[in-house]
Each structure stands twice: as structure tokens, then as C-alpha cells.
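The values are calculated or read from the model by the stated rules, or taken from the named source; none is laboratory data. Note that this is a predicted model, so its numbers are computed, not measured. Please note: Cβ atoms are built from the backbone with ideal geometry, for glycine as well, and neighbour counts cover all protein chains shown. With ligands, DNA and RNA removed, areas are computed over all heavy atoms of the protein, side chains included. Shrake-Rupley method; radii C 1.70, N 1.55, O 1.52, S 1.80 Å.
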Amino acid sequence: RKPLNPAAQDFSAERMMKTVSFLSGDDLKGRALGSRELDRAAEYIRQQFREAGLMPAGDARESYFQTWEVDDQAGQRKVFKNIVGVIPGRKPEWASQSIVVGAHYDHLGSSVAQDGKEEIYHGADDNASGVAVLLELARVMGGKPSPDRSVVFVAFTGEEDGRKGSRYYLADQQRYGKHHILGMVNIDTVGRLRNNKLLILGAGSAREWEHIVRGAGHVSGIEVDLVSEELDSSDQKSFQEAGIPAVQFFSGAHVDYHRPTDTAEKIDAEGLVKVASVAKGVIEYLADRQNPLTASITPEMTESEPKKERKVSFGIIPDFAYQGQGCRVAGVVQGSQAENAGLREGDIVIGINAQVINKLRDFSDFLKTVNPGDSLSIIFLREGKQMTAEGTVVQRQ
């Protein structure tokens, strides 16, 4: 493997870990929507954008906040905030064009465990890690000469609630509107890279992504693996629905996803530097690229309700990089229904009940059709032998 590009020395693992530790600390109680703790996180990010030298690009000309209100299912009004800062492009003829770099800063808050104690969903990987890389990119790129095209940095809220922040950004942003966005880079759950390849989700949204991302990975000395299959995974999907080429940087799924055990000490600090190095190369290329990307998607965004969300969990950690037939199991959550059913790493799910599972998307879509308590009959391959497991799904956290 090539050594890390010297430009990676611009990035500070210590600074990024400081951000991860703050956002995922007990004091912020999991950054739930509508909470004072989430407002504290928003103010922290605003201050970091200001110190990085980003120009404010929120609702008002001097504000970093893009703010709106939503009534929740209980009829309570909640205030939502995206934080938006920009490095203005230097080419006047491209003044309205932009590259969007995003990460979501909200998480799941806390709940009361069976023993009566508060359980905090810290969200160190999901997605304090992404915000840490976003802020570090803002610091490093904000101190360099301006690119040809504007680079807009957005800390989105409401990703855990149907991607509300990214949807609102696209519907409301005036100065850097959606019709002039060349591409979007979403940094979500990038804290567990270690010796694995950096996964790029949504690489099928434009013909050029493979060339761009592999090139940036080669220069940085980082291995990347492109996942072309479209999944309803994170904020890049909102941009794809608007017809904008968009990808997610992702270090892989793990058993701590959406659990209180997603904590800061499990984050790979040097991995954050590697992710930032690749992201910087991609962003700089896009900002100076002469021609638009060749999008392979069409606008789907409408005023209708968001697509059906998954309500259940079974405990399978999917292998996002697997390209074969079926859905490969990268791991199972301890104590989950999947573990109780006997599934383990390396198994390949090829059917559930009467549904054939040809790919990960089929598995994800099927789980959106069932409710907590429903029974599943899992057909899977283990070392080439077809086997069956029985289990039920439970309420998703």
C-alpha cells in the first residue's frame, strides 16, 4: 500500500477526536431533535465554521443558520437548524454554482433502560465522526486559495427523522440553489476505517465518480471500494432524488449502530485523517472541474411524503461492499434475533419468506414491509450449503 499523501499532514486527528468526544459526550445526551443539547451542538458547529473563515450562507446574509419549524407526531412544534457556511468560488461566471459537502449532526437522544437508568445513544460514529471530518475540511480548505467553484459546507439536522435537513436545504436554499449544484459529498459514519477500504455509496449516480474517487484514493494512498447500488441510506439520497450526483463516504457497518455503545473510544482517529484526505481530493477536483458530471439519475423529489421508513430490526450487519448474489452478513448484533436464529458472519441471505433476495437493496426493502413481532423464515447459504433459520423482527431503535 502507498504511504499516505503528505497533504494529509494538514489534518489533525487530535482536533477531530476533540469534536467527536464533545458531540458524543454524555453532556449532549445523544443530540435528539428539538433538544437543548442539539442546539448546543449547532452553536459549536457554527463557531467552528466562523473560525475556519467560512462565509455564512443561512437564511440571513450574516447567519450560518437555516432555520424552520415542524410539528411532530405529538403536535409539538420543533425548531430545526441546518448550519451552512461557504468558501466562495473565484470564477465570476460560476458564481451561482456549488459543490455541497455535508454531514448530519443529529442523533437518537436517550431512553430509559429496563433498570430505570438513562441510556444515551452517543452516536460517536453516527455521525459525530462525519461532522468532525466536515469541520476539519472546512479548517484546511478555508485557509487555502479559493477554488474556482463555491464549496458549501452543511451540517444537516433531521437525518435520523427522514432526512428532513437535506430535503429542506434543497427546497429552500436560494443563493446556492439545487439547479446549480454540480455534485454532493456526504460524510456519514466514517469513524471505524482501520485497515478496511473506504466505501463510497451511491457511486452509480454519475459516470465519473469511479474515476474521481479512485484517483483521489490513489493520490492519498487510501483503498476505496465503490458501491453503485442505490440505498435509502443518508442525506446523499435527498440530492440523488433531485437529480444531483451524490455519494456517501462510509467506513462500514458494525454492531454498535444505533446503540448506546457507539462511543468515542471506538473511533479510529488516524482513519478520520485518511477519510479527510480522500474527501479533500474529491472536493477540490469537483470545485475546479470544467464540465458538469454525467448524471445517471433523474429527479424524483416531489411534495409527497417521504418513502416508507423501516420500523424493525433483525440484527444483521450487512456487507455493503459485497457484489455477489444475495445479502452477505458482515456480522450480527449480540443478543439480537439474528444471533438467536444462528446466523453468523459470512452467511449469504438469498430469501426471506417468499421473497427472493438478490441484493442488499432487496433485503432493505423487505424489512420496510414488516412490523415488530412478525416472523421471518430466512434462507441463506453457508459455505455453499443452503440452510434455513427462523426468527422475528423487533422494534427498531
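Structural remarks
- Applying a threshold of 6 Å to beta carbon distances and a minimum spacing of six or more residues, or different chains, the list of pairs starting in segment 63-84 at a residue that is among the small types (Gly, Ala, Ser) and ending at one that is part of a strand (DSSP E or B) and surrounded by 14 or more Cβ atoms within 10 Å (Cβ to Cβ) reads Ser63/Pro56.
- Pairs are defined by a Cβ separation below 6 Å, a sequence spacing of at least 6 or placement on different chains, a first member in segment 317-335 that is among the small types (Gly, Ala, Ser), and a second member that is part of a loop (DSSP other than H, G, I, E, B) and open to solvent by less than 30 Å² (accessible area, probe 1.4 Å); the pairs so defined are Gly326/Ile357.
- Complete set of residues in segment 323-360 that are farther than 19 Å from Asp256 by Cα, open to solvent by less than 50 Å² (accessible area, probe 1.4 Å) and not small (Gly, Ala, Ser): Cys327, Asp347, Ile348, Val349, Ile350, Ile352, Ile357, Leu360
- Odd one out for Ala138 among (1) within 20 Å of Ser63 (Cβ to Cβ); (2) within 14 Å of the chain's Cα centre (by Cα): (2)
- Taken over segment 223-236, the criterion of being surrounded by 24 or more Cβ atoms within 10 Å (Cβ to Cβ) and either under 10 Å from Leu199 (Cα atoms) or at pLDDT below 95 (or both) is satisfied by Ser234 alone.
- Glu51 vs. criteria open to solvent by 60 Å² or more (accessible area, probe 1.4 Å) and in contact (Cβ under 8 Å) with a residue 12 or more places away in the chain: yes
- The set of residues in segment 176-214 that are in contact with a helix residue (DSSP H, G or I) (Cβ under 7 Å, 6 or more places away or on another chain), in a helix (DSSP H, G or I) and open to solvent by 20 Å² or more (accessible area, probe 1.4 Å) comprises Lys178, Glu210.
- Residue match in segment 93-109 (condition: touching an Asp or Glu at 6+ places or on another chain (Cβ under 7 Å) and farther than 24 Å from Val185 by Cα): no
- Once segment 361-396 is narrowed to residues that are over 30 Å from Ser111 (Cα atoms) and in a loop (DSSP other than H, G, I, E, B), the residue that is most open to solvent (accessible area, probe 1.4 Å) is Glu383.
- Just one of the listed residues (Gly351, Gly342) is assigned to a loop (DSSP other than H, G, I, E, B) and within 30 Å of Ser377 (Cβ to Cβ), and it is Gly342.
- Residue within segment 7-20 that is modelled with pLDDT under 95 and among the aliphatic types (A, V, I, L, M) present: yes
- Near pairs, Cβ below 6 angstrom, 6+ apart or cross-chain, from segment 18-45 (part of a helix (DSSP H, G or I)) to any residue that is open to solvent by 70 Å² or more (accessible area, probe 1.4 Å): Glu37/Lys29
- Residue in segment 242-255 that is touching a His at 6+ places or on another chain (Cβ under 7 Å) and closer than 30 Å to Val112 by Cβ present: no
- When residues of segment 76-86 are limited to those that are closer than 13 Å to Arg175 by Cα and over 18 Å from the mean Cα position of the chain (by Cα), the one surrounded by the most Cβ atoms within 10 Å (Cβ to Cβ): Gly85
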